[in-house]
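J.: Can you read through this structure? Questions will come right after.
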Amino acid sequence: MKKLFIAIIILIPIGISFLPVIATKMADAAFDKPEDKHSPEALKRALQIDTGMFLHSIARPIAEKAIIFFPESTDMDYFVYTAAICSTRDGKPEAAQYWYQRFVDIYPKHPWTQQARNNLNKLKELNR
C-alpha cells in the first residue's frame, strides 16, 4: 500500500506537468480543422487548462487566434474575455483595453460586461 501511495504521489505531478502540452495539442488540432464543429469547444477547453495553470502568455494568442478563426462561435464571448484577461495578466495593457472594450461593445448585456467595464476603467486610469 505504501508503494502505491508513493507511486501516486510521484505520478500526479508528472501528469499535471503534461497538461500544457495537451492543451497546446488540442488548440493546434482545432486550428488545423476549423471546419470541425467541435473545434471551438476544444479551444475553449485548451484555454481553460492554460488559464487554470496561469499560463496567460500561452493562452492569450490562442484566444486571439480563436476570435479570428471562429467569429460565429457560441464561445466567442469566452474567447474575447479570455483575450482581455490574459492580456492584462501578461502585462499587455493596451491589448487588454482593446479586448475589454470590444467585449463591452459586442456584449452590452452579458453577465460579464460590468466586470469587463470595471477592468477597462481601471486600465484606463493606470495608463493616464
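J.: Restricting attention to the range 70-93, report how many residues are touching a Ser or Thr at 6+ places or on another chain (Cβ under 8 Å) and in a helix (DSSP H, G or I).
T.: 5
J.: Looking at the range 75-85, is at least one residue modelled with pLDDT under 95, over 10 Å from the mean Cα position of the chain (by Cα) and not acidic (Asp, Glu)?
T.: Scanning the range 75-85, I find no residue that is modelled with pLDDT under 95, over 10 Å from the mean Cα position of the chain (by Cα) and not acidic (Asp, Glu), so the answer is no.
J.: Still on this structure: Is there any pair linking a residue in the range 94-120 that is farther than 14 Å from residue 77 by Cα to one that is surrounded by 15 or more Cβ atoms within 10 Å (Cβ to Cβ) and among the charged types (D, E, K, R), with Cβ under 9 Å and at least six apart or on different chains, and which?
T.: Partner pairs satisfying both residue conditions: 95/60; 95/64; 96/89; 96/90.
J.: How about the range 1-69: which helices (runs of 4 or more DSSP H) wholly inside it have at least 2 residues that are at pLDDT 85 or above?
T.: 19-32, 39-52, 56-69
J.: Give the residue, chosen from 89, 45, 60, that is buried (at least 21 other Cβ atoms within 10 Å of the Cβ) and within 30 Å of residue 118 (Cβ to Cβ).
T.: Of the residues listed, the single one that is buried (at least 21 other Cβ atoms within 10 Å of the Cβ) and within 30 Å of residue 118 (Cβ to Cβ) is 60.
The values are calculated or read from the model by the stated rules, or taken from the named source; none is laboratory data. Bear in mind that the values here come from a model prediction, so they are computed numbers and not experimental data. Cβ sites come from the backbone with ideal geometry, for glycine too, and all protein chains shown count toward neighbours.
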